[in-house]
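Structure, as structure tokens:
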Amino acid sequence: MVVGVTGHQDIPDAAFVFVEKGIVRVLRRLGSEFTGVSSLATGADQLFAETVLRMGGRLHVVIPCDKYETTFVDSRALDLFRHLLEKADMVEMLKHPRPSEKAFLDAGHRVVELSQVLVAVWDGREARGKGGTADIVYYARARGTEVVVVWPSGIAR
């Protein structure tokens, strides 16, 4: 089974445990052999990837563009990105020369195209930029991909 992720980069502390447990619930439902697909962005993507590896899954990484590492403003997130990238079973690089909303949208679409299930760490609001979580959820639903939203009610970003 292949499960992808889309989600917010800024998960409030009040939502973190709920989100982590929700990801675990979805992965447990898939059985013992699964592959997680992620772009390893800060926040939901990295939490998902860490959980996939911790639960014995394989990791397929979709890198949106060249110079993707320049998008990480937090050194801890960049270090985690590099660590997770080393642990990946498969790494796919999209052909965008630099970070852009188009590159992020295409990466989100690619994650959906590879996935049978999409975990959406999503507060239900519209995307803040092209390629945001809502855009990817709408794309997945339009394709008929199962979407599991993981977000606690009453928590705002």
Restricting to the range 17-34, what's the tally of residues that are within 19 Å of Thr133 (Cα to Cα) and either surrounded by fewer than 14 Cβ atoms within 10 Å (Cβ to Cβ) or among the β-branched types (Val, Ile, Thr) (or both)? 3
Residues of the range 141-157 satisfying the condition of being surrounded by 13 or more Cβ atoms within 10 Å (Cβ to Cβ), modelled with pLDDT of 95 or more and in a loop (DSSP other than H, G, I, E, B): Thr145, Val150, Trp151, Pro152
Selected residue (criterion: surrounded by the most Cβ atoms within 10 Å (Cβ to Cβ)) from residues of the range 35-64 that are at negative phi and part of a loop (DSSP other than H, G, I, E, B): Pro64
For the range 6-37, which residues satisfy the criterion of being under 22 Å from Gly144 (Cβ atoms) and touching a Gly at 6+ places or on another chain (Cβ under 7 Å)? Thr6, Gly7, Leu27, Phe34, Thr35, Gly36, Val37
If I go through the range 103-140 residue by residue, how many of them are in contact with a helix residue (DSSP H, G or I) (Cβ under 8 Å, 6 or more places away or on another chain), within 18 Å of Leu27 (Cβ to Cβ) and part of a helix (DSSP H, G or I)? 3
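A quick yes/no check of all residues on (1) farther than 25 Å from Glu33 by Cα; (2) free of Cβ contacts under 8 Å to residues at least 12 places away in the same chain:
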| position | (1), (2) |
| --- | --- |
| Phe81 | no, no |
| Pro97 | yes, no |
| Ala127 | yes, yes |
| Lys130 | yes, no |
| Tyr139 | yes, no |
| Ala156 | yes, no |
Among residues of the range 65-96 being among the β-branched types (Val, Ile, Thr) and assigned to a helix (DSSP H, G or I), the residue farthest from Val24 (Cα to Cα) is Thr70
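Of the residues Gly36, Gly31, which is without any contact (Cβ under 8 Å) to a residue 60 or more places away in the chain and over 24 Å from Phe104 (Cα atoms)? Before the answer, list the steps.
Details: Gly36 fails: over 24 Å from Phe104 (Cα atoms).
It is Gly31.
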Exactly one of these conditions fails for Tyr138: (1) under 16 Å from the mean Cα position of the chain (by Cα); (2) surrounded by 18 or more Cβ atoms within 10 Å (Cβ to Cβ). Give me its number. (2)
Just name the residue that is farthest from the chain's Cα centre (by Cα) out of those in the range 12-29 that are hydrophobic (A, V, I, L, M, F, W, C) and over 15 Å from Ala49 (Cα atoms). Ala14
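The values are calculated or read from the model by the stated rules, or taken from the named source; none is laboratory data. On a predicted model such as this, the values are computed, not experimentally measured, just so you know. Here the Cβ is made from the backbone with ideal geometry for all residues, glycine too, and neighbour counts use every protein chain on show.
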